[in-house]
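What follows is a short report on a single structure.
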Amino acid sequence: MDLAVGSPLHDAAGEGAGAVHLFLSSGGLASGGHLGSSAADLIITGAAPGDHFGASVVTGDLNQDGEEDLVVAATHTEGEG
C-alpha cells in the first residue's frame with residue numbers, strides 16, 4: 001500500500017458514512033500528479049450513514065508478521081467494534 005486517504009464525509013454508503021481510498025504503486029502513483037478519488041485502486045466505505053469511517057487512518061506492522069496493517073477509525077459509529 002502506498003497511500004491511504006481517509007474521507008470521513010464520503011456519501012457513497014449514505015450521508016457521512018465515510019470511506020478510505022487506497023492507492024497502490026501498481027496503479028501508477030507519480031510524484032507531482034493529481035489524484036482524484038476515482039483513481040483509487042480500492043475504496044472501503046463505512047457501514048452506515050453518519051459513521052465518519054476514515055476520520056483517522058494509521059498503518060504499521062501491528063501484529064509483527066512483517067506485513068503492513070491498516071487501522072481505520074469510524075468516530076461516529078454506534079455500538080461496539
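The values are calculated or read from the model by the stated rules, or taken from the named source; none is laboratory data. Everything numeric here is computed off the predicted structure, so don't read it as measured data. Cβ sites come from the backbone with ideal geometry, for glycine too, and all protein chains shown count toward neighbours. These accessible areas exclude ligands, DNA and RNA; they are computed on the full protein's heavy atoms, side chains included. Shrake-Rupley method; radii C 1.70, N 1.55, O 1.52, S 1.80 Å.
Is there a residue being open to solvent by 80 Å² or more (accessible area, probe 1.4 Å) and at pLDDT 90 or above anywhere in the range 23-35?
No, because not a single residue in the range 23-35 is open to solvent by 80 Å² or more (accessible area, probe 1.4 Å) and at pLDDT 90 or above.
Cβ-Cβ under 6 Å, sequence separation 6+ or interchain: first residue in the range 42-53 and under 11 Å from Asp11 (Cα atoms) and touching a residue at least 12 places away in the same chain (Cβ under 8 Å), partner of a type in the set (A, V, I, L, M) and surrounded by fewer than 17 Cβ atoms within 10 Å (Cβ to Cβ). Which pairs?
Thr45/Ala12
Looking at the structure I just gave you, is Asp2 open to solvent by less than 50 Å² (accessible area, probe 1.4 Å) and either at pLDDT 95 or above or in contact with a Ser or Thr (Cβ under 8 Å, 6 or more places away or on another chain) (or both)?
When the stated conditions are applied, Asp2 does not pass them.
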